[in-house]
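Below is one structure, written out as structure tokens, with a few remarks after it.
The values are calculated or read from the model by the stated rules, or taken from the named source; none is laboratory data. The structure displayed is predicted, hence computed values, not measured ones. Don't worry about glycine lacking a Cβ; one is built from the backbone with ideal geometry, like all the others, and counts go over all protein chains shown. Accessible surface areas use protein heavy atoms only, side chains included; no ligands, DNA or RNA. Shrake-Rupley method; radii C 1.70, N 1.55, O 1.52, S 1.80 Å.
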Amino acid sequence: MNPILQPKKMLSIKPDIPIIICTGFSERINKEQAEISGVKGFLMKPVVKSDLAQMVRNILDEATDS
């Protein structure tokens, strides 16, 4: 599955869905590419639970503010 095209497909169906990508080392996608494809959050594994929780909270807060 292409990590750049998949978010674009999802957003074409539901444009307001917030997408977070959690990935290990990848030459196929980085934070900048993820943001360009519409991803709201990007975390590298191993993910600390508190970092994931904070990112989810921030993205949900942004969604309710707009």
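Does the range 1-32 hold any residues that are more than 13 Å from the chain's Cα centre (by Cα) and in a loop (DSSP other than H, G, I, E, B), and which are they? Those that are more than 13 Å from the chain's Cα centre (by Cα) and in a loop (DSSP other than H, G, I, E, B): M1, N2, K14, P15, G24, F25, S26, E27, R28.
Here is the figure for the range 11-30: residues that are open to solvent by 60 Å² or more (accessible area, probe 1.4 Å) and closer than 21 Å to R57 by Cβ total 2.
For the range 41-50, the criterion of being open to solvent by less than 100 Å² (accessible area, probe 1.4 Å), in a helix (DSSP H, G or I) and over 17 Å from L11 (Cα atoms) is satisfied by at least one residue.
Remark: pairs (first residue in the range 36-49, within 17 Å of N2 (Cα to Cα); second residue open to solvent by 80 Å² or more (accessible area, probe 1.4 Å); Cβ separation under 6 Å; 6+ apart in sequence or on different chains) = S37/K8; F42/K31.
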